[in-house]
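Participant: Below are the structure tokens for one structure; questions will follow.
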Amino acid sequence: MSLSSRGEVNPQFWSGKSVFLTGHTGFKGGWISVWLSSMGAKITGFSLAPNTDPNLFEVAGIASLCVKSHIGDIRHLDDLRNAMLTAGPDIVIHMAAQPLVRYSYSNPVQTYETNVMGTVHVLEAIRSCKSVKSVVIVTTDKCYENKEWVWGYRENEPMGGYDPYSNSKGCAELVTSSYRQSFFPEKDYVKHGVAIASVRAGNVIGGGDWSLDRLVPDAITAFESGKPLMIRNPLATRPWQHVLEPLSGYLVLAQALYEQGAIYGNAWNFGPIDADTRSVKEVIELLIDQWDGAAAWKQDGCPAPHEAQSLKLDCSKAREELAWTARWRLEKAIKAIVQWQAVYRGEGDVRSMMQLQINDYCHSGRSI
Ligand SMILES: NC(=O)c1ccc[n+]([C@@H]2O[C@H](COP(=O)([O-])OP(=O)(O)OC[C@H]3O[C@@H](n4cnc5c(N)ncnc54)[C@H](O)[C@@H]3O)[C@@H](O)[C@H]2O)c1
């Protein structure tokens, strides 16, 4: 990677690159599609149809940004492999997943099938697809064995996960590591030419997320219907970050994997600065402060399944080795969501708003 692009998403790099993106019909997939397409990348998407109404895929017209938008299931290896072979991508970004903790308690089999075998299938398809050079497998901050301590988790700490979602993502990490060692080892990089990394981001927020059981979407739905938001665990802390933060990390890492190869082929945390690992209550109060209209929250006393109380990521490795750091503080991230929501509510052009926010993000200074 040239020195000028260290830590920066480099539009020249992405211009003309073929990218196979799973999860393009989802929240993070929609945002990264807008970003990639604005830099001239050729996107082939592969995902299930969106499962919320409304959804970012339709609202922002994501299909029109793709060379090919497959509605397909990563649990079906042949379909996935055929789509990848036809696309012949340079880069694979695997984001498709069953990403919800609560849903995973009621649907553990589907969660493991999608998150574990789906990842096996993506890696298996890559084995057949000789054009691929750079692979980013998206897991989560919840993949670590949570010890409820105050320190941030580092990339070399043990995988774990209490609930099926978190655990399935720990398994996806182990699968990625096994495929890398068994089929794409660093010592044979000159022969196979494939560099594979996994990425663990924090709790991602941003305009255009309508998933159930996520704090900010639930809050917006409650406020817009004139009800208070019911919060199960106001004192739980999470590493909150705007969606553009981890996406910039994934793109910078994909560049490094492509240009520098297997030395970057390992695990990476992309979280906020420590000061933005904050409680659920603080996030909601910031949102209420900026919300244009009545908004309130109440403690939900109903019994709820186990969720970790505290979670923080140590991002020293990305900072030192990729020169990547977070850029937007939590207040700015919340402001961006409120602005996005106002455009959506006013039936404005949300895709243009997303592009404006991407441009703003790229020109922002670092958080530290
Ligand atoms: N949003 C967050 O806070 C967060 C935090 C850490 C990690 N992640 C990870 O980031 C990724 C994207 O999350 P998101 O927030 O955009 O979720 P999302 O629910 O908005 O999107 C999930 C995507 O996966 C696709 N998908 C699900 N099952 C599939 C299947 N069987 N076959 C093909 N496609 C399938 C969906 O169609 C959708 O495109 C996931 O891997 C998630 O675990 C998200």
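Participant: Please work out the C-alpha center-to-center distance from the stretch 227-281 to the stretch 146-194 and express it in whole Å.
Facilitator: Result: 16 Å between the Cα centres.
Participant: Here's another thing I want to ask about it. Using the Cβ atoms and a cut-off under 9 Å, what net charge is assigned to the surroundings of residue 17, where Lys and Arg are +1 and Asp and Glu are -1?
Facilitator: Charge balance near residue 17 sits at 0.
Participant: Given the options 323, 219, 302, identify the residue whose Cα lies farthest towards the positive end of the charge dipole of the stretch 218-328 (+1 on Cβ of Lys, Arg; -1 on Cβ of Asp, Glu).
Facilitator: So the residue furthest toward the plus end is 302.
Participant: Another question, if that's okay. Straight distance only, please: which aspartates and glutamates reach the Cα of residue 281 with their own Cα at less than 13 Å, same-chain residues fewer than 8 apart left out?
Facilitator: 289, 300
Participant: Express the carbon and sulfur contribution to the solvent-accessible surface of the chain as a percent, rounded to the nearest whole number, probe 1.4 angstrom.
Facilitator: 52 percent
Participant: Express in whole angstrom the spacing between the alpha-carbon centres of the stretch 43-100 and the stretch 340-367.
Facilitator: Comparing the Cα centres of the stretch 43-100 and the stretch 340-367, I get a distance of 23 Å.
Participant: Over all distinct Cα pairs, what is the inverse of the mean 1/r for the stretch 54-152, reported as the Kirkwood hydrodynamic radius in Å?
Facilitator: By the Kirkwood definition, the hydrodynamic radius is 15.5 Å.
Participant: Now a separate question. Taking springs between alpha-carbon atoms closer than 10 angstrom, which of 355, 290, 299 fluctuates most in the Gaussian network model of the chain?
Facilitator: 299
Participant: Take every Cα-Cα pair in the chain and report what % of them are more than 35 Å apart.
Facilitator: For the chain, the fraction of Cα-Cα distances above 35 Å is 17 percent.
Participant: Per 5 Å bin, what is the whole-percent P(r) computed from every C-alpha pair distance within the stretch 98-212?
Facilitator: 2, 11, 20, 20, 18, 14, 9, 4, 1, 0
Participant: Please list, in chain and number order, the residues 5+ apart from residue 144 or on another chain whose amide H is under 5 Å from its amide H, with Hs placed from the backbone.
Facilitator: Correct list: 160.
Participant: Give the average over all directions of the projected area of the C-alpha convex hull of the stretch 187-297, one decimal, in nm².
Facilitator: Average projection, Cα convex hull of the stretch 187-297: 8.6 nm².
Participant: A further question on this structure: Provide, for q = 0.13 Å⁻¹, the log10 of I(q)/I(0) from a solvent-free Debye sum over equal Cα point scatterers in the stretch 215-368.
Facilitator: -0.71
Participant: List the equivalent ellipsoid semi-axes of the stretch 301-355 in whole Å, largest first, each obtained as the square root of 5λ for an eigenvalue λ of the Cα gyration tensor.
Facilitator: Equivalent ellipsoid of the stretch 301-355: 29, 25, 9 Å, largest first.
Participant: Near residue 17, which aspartates and glutamates are there with a Cα under 16 Å away, not counting those fewer than 8 places off in the same chain?
Facilitator: Straight-line reach from residue 17, under 16 Å: 90, 259.
Participant: Still on this structure, I have one more. So how exposed is residue 48, as accessible area in Å² (1.4 Å probe, rounded to 10)?
Facilitator: 90 Å²
Participant: Magnitude of the Cβ-charge dipole of the chain, K/R +1 and D/E -1, about the Cα centre, nearest 20 debye?
Facilitator: The calculated dipole for the chain is roughly 600 debye.
Participant: Take a quick pass over the stretch 28-161 and tell me how many lysine pairs come in under 19 angstrom between Cα atoms, counting only ones 8 or more apart or on separate chains.
Facilitator: 6
Participant: Let me check the size of the stretch 1-98 from its C-alpha atoms; what are the radius of gyration and Dmax in Å?
Facilitator: Calculated on Cα positions, Rg and Dmax stand at 13.6, 43 Å.
Participant: Please check: in the Gaussian network model of the chain (C-alpha springs, under 10 Å), which one of 195, 326, 295 has the largest mean-square fluctuation.
Facilitator: Sorting by GNM fluctuation, first place goes to 295.
The values are calculated or read from the model by the stated rules, or taken from the named source; none is laboratory data. Predicted model, so just to flag it, every value in this text is computed and none were measured. Neighbour counts are summed over all protein chains in view; Cβ atoms, including those assigned to glycine, are modelled from backbone coordinates with ideal geometry. Just the protein is used for accessible areas: all its heavy atoms, side chains included, with ligands, DNA and RNA removed. Shrake-Rupley method; radii C 1.70, N 1.55, O 1.52, S 1.80 Å.
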